[in-house]
Amino acid sequence: MSEPGHGRGGRGPLAVVKLGGSVMGEPATLRAFAEDVWRLRRSGRRVLVVHGGGPQISTHLRARGVEPAFVDGLRVTTPQMLDEVRMVMAGKLQRELVGLINAYGPLAVGLTGEDAHTLAAAPRRHTTADGREVELGRVGDIVRVETGLLRTLLAAGRVPVVSGIARSTDGGVLNVNADTVAAALAVSLKARTLVLLTDVEGLYAGPEARVVRRLSAGELAELLPEIGGGMAPKAAACLRAVDAGVREVRMLPGLAPHVLARSVLDGEELGTTVVSDPARQEVPAGNPVLPGGSPVQRIIVAGISGAGKTTLARGLSRRLSIPHTEMDGLFYGPGWTPRAEFEHDVREMAAGARWICDGQYHWVIGDLVWQRADCVIWLDLPRRTVLARLVRRSLWRVAGRRRLYGGNVETWRSLLFNPDHPVRRVLDLYAQRRRETQEQLARHPGVRVVRLTSGRQARRWLRAVADGAPPG
Ligand SMILES: Nc1ncnc2c1ncn2[C@@H]1O[C@H](COP(=O)(O)OP(=O)(O)OP(=O)(O)O)[C@@H](O)[C@H]1O
Ligand SMILES: [Mg+2]
């Protein structure tokens with residue numbers, strides 16, 4: 001067998017391929033898949049594989065007398081179950097895949113998100129339709145991707161094989177949906193192609209439930225309410241990926257042999273292709289409305305510290321007559337110490353019918369405000385603009401000894417020496433926060449987005465929001 005040359009071609013376009021647990025039962029299909037991975041490598045592409053394992057986990061648990069529990073179709077994972085999940089995923093399925101791919105050469109390296117801190121996740125919160133918060137146990141949403149190890153492997157021509165297990169922000173580990181993992185990795189590693197292989201022909205839609213061959217992100221977002229089961233995280237994953245610039249996103253019938261090579265290498269039209277939707281990126285002029293035409297009521301102004309969220313939120317609040325909450329004001333108490341009531345207060349605000357909040361604090365409260373928001377105004381300004389604004393703002397605050405939220409003031413000492421001062425942190429956090437916002441957008445596709453990419457655009461947009469718009 002010829003050597004695919006794992007040591008060369010570590011720079012080609014990247015394909016992230018997610019293999020569903022639903023297609024891992026058939027040995028012949030798996031062997032064909034492994035051969036396709038090798039062909040992709042040989043063509044000069046870099047390849048990263050993510051695998052699922054839903055059916056295998058259920059079978060394994062049942063064999064041990066544990067009946068899977070579900071809330072709104074989402075699996076509940078107890079800490080004991082998680083051990084079993086991890087064993088099936090990383091100990092069995094991942095090993096099988098690594099073995100099959102490595103029949104073609106020393107390509108595959110298996111890992112989970114725990115390795116080298118590749119994936120960090122926060123326990124998922126789930127709110128039912130009637131507003132109850134329910135525990136899903138050890139299931140997480142990704143909050144951070146560290147690409148170092150994967151980049152090293154890919155540059156060396158290897159094929160990482162990743163199981164959907166992540167290190168948790170609360171200690172321990174969490175199970176994360178593999179479609180979600182694949183999309184997050186595709187975005188973080190700037191993949192050219194994201195492929196999701198599953199056990200159906202593609203995305204079914206419409207009264208006759210036909211396979212949709214091609215659709216835009218916007219069309220997919222509209223279909224989301226009727227997409228259920230295992231297809232829901234796939235649809236969200238596709239949306240996130242195209243919104244973040246992944247060029248080709250496909251859902252392919254993974255039970256058809258060699259479907260990966262046929263689609264990616266031979267250009268055969270198979271399954272469902274999702275293309276980016278300029279409308280989702282364009283800035284709609286005037287008052288933001290929901291798809292049905294009703295005005296938005298609960299707005300997040302997102303963006304990194306220094307982007308100008310509060311200023312924009314105040315302006316918007318005046319124009320729309322919707323009350324504004326300054327998130328920093330809820331977070332900081334006297335002496336810049338975090339307030340214990342923060343989460344409680346945010347929850348109370350979020351439960352309200354109409355609000356504008358400036359900031360997300362998702363690293364503290366996860367998707368709490370996102371779950372209630374119907375619109376996000378994203379101040380996605382260039383790094384240097386943000387840095388310049390931050391420096392200017394801090395100088396102004398220090399020199400003027402301005403009283404800020406919680407009665408605090410900024411000091412020269414903090415501005416010059418505090419390693420956690422926003423001016424210093426912006427350089428580290430900029431890319432991460434952008435990615436997190438993209439990920440949140442993908443997780444909440446029903447939320448209207450206004451993405452503003454320069455200070456000028458933001459001012460112009462705000463001016464176009466009509467004064468004294470009728471409240472709701
Ligand atoms: N509109 C839809 N179009 C296609 N499939 C749908 C749709 N709505 C729900 N589904 C279901 O989604 C399933 C695929 O997701 P599922 O999670 O079962 O598999 P997987 O993601 O490939 O495997 P794993 O979860 O183990 O990674 C299909 O078998 C189908 O029953
Ligand atoms: Mg699935």
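The values are calculated or read from the model by the stated rules, or taken from the named source; none is laboratory data. None of these values were measured; they are calculated from a predicted model. Glycine gets a Cβ as well: all are built from the backbone with ideal geometry, and neighbour counts include every protein chain shown.
When you look at residue 368, is it in a loop (DSSP other than H, G, I, E, B) and either basic (Lys, Arg) or touching a helix residue (DSSP H, G or I) at 6+ places or on another chain (Cβ under 7 Å) (or both), yes or no?
Yes.
Out of 367, 345, 358, I need the residue that is surrounded by 18 or more Cβ atoms within 10 Å (Cβ to Cβ), under 15 Å from residue 326 (Cβ atoms) and acidic (Asp, Glu). Which one?
Selected residue: 358, the only one of 367, 345, 358 that is surrounded by 18 or more Cβ atoms within 10 Å (Cβ to Cβ), under 15 Å from residue 326 (Cβ atoms) and acidic (Asp, Glu).
Any residue in the range 256-263 that is more than 11 Å from ligand 1 (Cβ to nearest atom), more than 27 Å from residue 454 (Cα to Cα) and surrounded by fewer than 16 Cβ atoms within 10 Å (Cβ to Cβ)?
No: the range 256-263 contains no residue that is more than 11 Å from ligand 1 (Cβ to nearest atom), more than 27 Å from residue 454 (Cα to Cα) and surrounded by fewer than 16 Cβ atoms within 10 Å (Cβ to Cβ).
Determine which single condition residue 102 fails, assuming it passes every other condition in (1) among the polar types (S, T, N, Q); (2) over 25 Å from residue 171 (Cα atoms); (3) under 20 Å from the mean Cα position of the chain (by Cα).
Just one mismatch for residue 102, condition (3).
Go through the range 199-222 and give me each residue that's over 20 Å from the mean Cα position of the chain (by Cα), of a type outside the set (A, V, I, L, M) and part of a strand (DSSP E or B).
Across the range 199-222, the qualifying residues are 204, 210, 214.
Filter the range 96-131 down to residues that are of a type in the set (D, E, K, R) and either farther than 25 Å from residue 80 by Cα or touching a Phe, Trp or Tyr at 6+ places or on another chain (Cβ under 7 Å) (or both), then give me how many there are.
So the answer is 1.
How many residues does the range 223-250 contain that are in a helix (DSSP H, G or I) and more than 13 Å from ligand 1 (Cβ to nearest atom)?
5
Among the residues of the range 120-133, count how many are exposed (fewer than 14 other Cβ atoms within 10 Å of the Cβ) and aliphatic (A, V, I, L, M).
1
Kindly provide the set of residues from the range 371-389 that are hydrophobic (A, V, I, L, M, F, W, C), in contact (Cβ under 8 Å) with a residue 24 or more places away in the chain and surrounded by fewer than 21 Cβ atoms within 10 Å (Cβ to Cβ), ordered by number.
Residues satisfying the conditions are 375, 387.
Checking residue 178 against (1) among the aliphatic types (A, V, I, L, M); (2) crowded, with 24+ Cβ neighbours inside 10 Å; (3) touching a Phe, Trp or Tyr at 6+ places or on another chain (Cβ under 8 Å), only one condition comes out false. Which one?
(3)
Restricting attention to the range 169-198, and to residues there that are part of a strand (DSSP E or B) and more than 15 Å from ligand 1 (Cβ to nearest atom), which single residue is farthest from the chain's Cα centre (by Cα)?
173
Check the range 16-24 and report whether any residue there is away from ligand 2 (no atom under 16 Å from the Cβ), buried (at least 17 other Cβ atoms within 10 Å of the Cβ), more than 23 Å from residue 154 (Cβ to Cβ) and at pLDDT below 95.
no
Consider residue 86 carefully, then state whether it is in a helix (DSSP H, G or I) and surrounded by fewer than 18 Cβ atoms within 10 Å (Cβ to Cβ).
Taking the combined requirement at face value, the residue does not satisfy it.
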